[in-house]
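Input: a single structure, listed below in structure tokens.
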Amino acid sequence: MDANNVIGVLIKGNVNPKDFELVTNFIRGVEENYEFLRIYVEIEGIEGFSLETIIKEFEFTLSQFHRFEKEAIVIDTKLIESLENMKDLLVAGVKVKCFPFEDRCQARCWILS
């Protein structure tokens, strides 16, 4: 990614509170340098999120969503429809677009535009 206000995240396997804490700490360290942040997420496979992780993610999103301008999510084609239906509930006010893996270059262009 060329833009410094774009944060890239790769999700693969189980996501636990320590994993999520690494991401949120990184975001907190970067966010003071930019008015708005953009998130690029590739989800290669999710085996599970602990309930504690889901609660922490929800709390963080609620407290910081005003700082996020856009989010590109690259995910398995089978999951795009489910995620598209949920995205407005999860990140109100943030431009979110889902892309299949074969369109990951398009996702990167979109997040940078």
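Overview of results
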read-out	value
Derived scalar couplings ³J(HN,Hα) [segment 67-73; Karplus, 6.51 cos²θ - 1.76 cosθ + 1.60; whole Hz; x for Gly, Pro]	8, 9, 8, 8, 9, 9, 10
Where labels lie 7 Å past Cα in the beta-carbon direction, separation of Lys18 and Arg104 in nm	2.6
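Bear in mind these aren't lab numbers, they're just calculated from the coordinates by the rules spelled out. Bear in mind the structure is a predicted one, so any value in this text is a computation, not a measurement. Methodologically, a virtual Cβ is constructed for each residue, glycine included, from the backbone with ideal geometry; neighbour enumeration extends over all protein chains shown.
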